[in-house]
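In what follows, a structure is listed as structure tokens, so that the remarks can point back to it.
Nothing in this text is a laboratory measurement; each read-out follows from the coordinates by a stated rule. Small disclaimer: the values here were computed from a predicted structure and weren't measured.
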Amino acid sequence: MAALRPVLLALGLGLAVSAPAAGAEPAPLREDAHIDGRLLAAAIGDEIRRNCPTISERRWVVRAEALKLYNRAIALGHTRRSIEAYLDDPEARAAMERRRDAWLAANGVVAGDADSYCRAGLREIDQGSYLGSLMRVD
């Protein structure tokens, strides 16, 4: 989630996207399964690339995906300020990190073991998953 924050905010500057009628309060971002799932994948991918020396982010893919998420959030009625507040929220960040860590553990990743991060990343890349699409082998 932290990895996407600057990209989401930078791409969002100056964008005009239609939003729901005034007064309609959008559901919290964490309740949108699409946005939440994509942010979780970004958090997992970021952790893998930081711990595996042979995997890096596919920068332009990540930026394009961040723009899609930003536009979706705006279309759902969120403002730049509400998106920023969600991305900065310590409770939301901690919850995302717990979910990221649970995914990593369930997929054989061991903290401090770079090879386990690399194996998980390579498996996702090979499977062509959404998570795998965010990473590349150096």
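For the stretch 16-115, what is the relative contact order in percent, using Cα pairs closer than 8 Å and at least 6 residues apart in sequence?
Dividing the mean separation by the residue count of the stretch 16-115 yields 41 percent.
Residues with amide H under 5 Å of I55's amide H, sequence separation 5 or more or different chain, H placed in the peptide plane at 1.01 Å from N; which?
Close amide H contacts, sequence-distant or interchain: D138.
Taking only the alpha-carbon atoms of the stretch 64-109, what semi-axes of the equivalent ellipsoid follow from 5 times the gyration tensor eigenvalues under a square root, in whole Å, largest first?
Here the semi-axes work out to 26, 14, 7 Å.
Can you work out ³J(HN,Hα) from phi for every residue in the stretch 95-110, in order, using Karplus 6.51 cos²θ - 1.76 cosθ + 1.60 and θ = phi - 60°, giving whole Hz and x for Gly and Pro?
5, 5, 5, 5, 5, 4, 5, 5, 4, 4, 4, 5, 10, x, 8, 10
List every residue whose amide H lies under 5 Å from the amide H of M135, counting only residues 5 or more places away in sequence or on a different chain, with H placed 1.01 Å from N in the peptide plane.
Residues meeting the criterion, in which the H sits 1.01 Å from N, are R58.
Taking every pair of distinct Cα atoms and averaging 1/r, then inverting, what Kirkwood hydrodynamic radius in Å comes out for the stretch 14-138?
Value: 15.6 Å, from the Cα pair sum.
Report ³J(HN,Hα) in whole Hz for each residue of the stretch 51-66, in order, from the Karplus equation J = 6.51 cos²θ - 1.76 cosθ + 1.60 where θ = phi - 60°; Gly and Pro get x.
Along the stretch 51-66, the couplings run 10, 10, x, 9, 10, 9, 7, 8, 3, 6, 5, 4, 5, 5, 5, 4 Hz.
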